[in-house]
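Heads up: the structure comes next, in structure tokens.
Each value in this text was obtained by applying a stated rule to the coordinates, not by laboratory testing. It should be emphasised that the depicted structure is a prediction, and the values quoted were computed from it without experimental measurement. We place every Cβ from the backbone using ideal geometry, glycine too, and count neighbours over all the protein chains shown.
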Amino acid sequence: MKKIYFDFNIIKKFLFSLLYSILMGSICCKSLSYLNYKNIEILFLDIFGNLDIANIFYITPLISFIIYNIYLTFCLMDYIYRDLKEHAINVFTRTRKRSKWLFIRCLNLFLYVIIFYILHFIVIGAVGVFYNFQLSFTSISMILKIFSLVVLFNYITVLFINIISLFISPMYGYILVIITNILTMFFSAMIYLYANKCIKFIEIFPMSQLISSWHDGSVQLFQRKEYFTFYIEGFSFWYSIMYLLIISGFIIFLGNKRINKMDII
């Protein structure tokens, strides 16, 4: 039974998706250039960490924002389920190795998510350079924060779908996650439009952690007023990072409990 390994078919799917980043990067570069925001940090924020809460009900901005998550989770939704079926005899006849097997699969998923977003960040960065966008030393910290939130959020969605596949069909888990993410964003927009006093409630939604522009201190004040208009006061990056780490640990814990109680499939 292999330990850490990569399926080249999955990597090929990742490479195919880079076409979308080339297109999206070009569109965003032109829009930001018009506003004179020719900074790669803002480009990454606009593509991977910005969702206009006032326009969520128009659907298109929401779908274009979560398309990376939809595609990545589709590529990886049955990773653990397929591997378990392939190695069921080895896994279930060696009780002590069940937890180890699951942890290695979870690590593999994490590495896949990192690879997927490294590829897309490189492509978006290259598109930005092509359009003469600038990268300053002070921008690196912000880019790393955006990357961290993107990777951790996508990891918990991929992880959740794979762990829930130990209970139900991976496709059902996939649909459940996508619908839940969309509904929580609709609910966030409703809070923003009709119950602004409860705006802090938005912080508890998993997908809110992904949206860097909603975090306090994510952009400079003049950019906030002109382009990234909405944020939640006191909503910090460190809160989101800890939130996502705790959720991922909890999902792995539940998966470990489940795998140790399962019979051979």
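Assorted remarks:
- If you check 13, 30 for being within 30 Å of residue 97 (Cβ to Cβ) and part of a helix (DSSP H, G or I), only one passes: 13.
- Residues located in the range 231-248, provided they are under 18 Å from residue 164 (Cα atoms) and exposed (fewer than 12 other Cβ atoms within 10 Å of the Cβ): 246
- The residues on offer are 136, 141, 148, and the sole one that is in a loop (DSSP other than H, G, I, E, B), hydroxyl-bearing (Ser, Thr, Tyr) and out of contact with any Cys (no Cβ under 9 Å at 6 or more places or on another chain) is 136.
- Any hit, the range 33-51, residues being in contact with a Pro (Cβ under 6 Å, 6 or more places away or on another chain), surrounded by 15 or more Cβ atoms within 10 Å (Cβ to Cβ) and among the acidic types (Asp, Glu): no
- Residues of the range 230-265 that are free of Cβ contacts under 8 Å to residues at least 12 places away in the same chain and either part of a helix (DSSP H, G or I) or hydrophobic (A, V, I, L, M, F, W, C) (or both): 238, 242, 246, 249, 250, 253, 257.
- In the set 191, 168, 178, only one residue is farther than 17 Å from residue 46 by Cα, β-branched (Val, Ile, Thr), touching a helix residue (DSSP H, G or I) at 6+ places or on another chain (Cβ under 9 Å) and touching a residue at least 12 places away in the same chain (Cβ under 8 Å); that residue is 178.
- Some residue of the range 194-202 being more than 21 Å from residue 45 (Cα to Cα), part of a loop (DSSP other than H, G, I, E, B) and among the aliphatic types (A, V, I, L, M): yes
- Cβ pairs under 6 Å, 6+ apart, first in the range 126-152 and closer than 21 Å to residue 30 by Cβ, second in a helix (DSSP H, G or I) and among the acidic types (Asp, Glu): 139/41; 143/41
- The one condition in (1) over 14 Å from the mean Cα position of the chain (by Cα); (2) surrounded by fewer than 19 Cβ atoms within 10 Å (Cβ to Cβ); (3) small (Gly, Ala, Ser) that residue 148 fails to fulfil: (1)
- Verdict on residue 99 being under 26 Å from residue 240 (Cα atoms) and of a type in the set (S, T, N, Q): no
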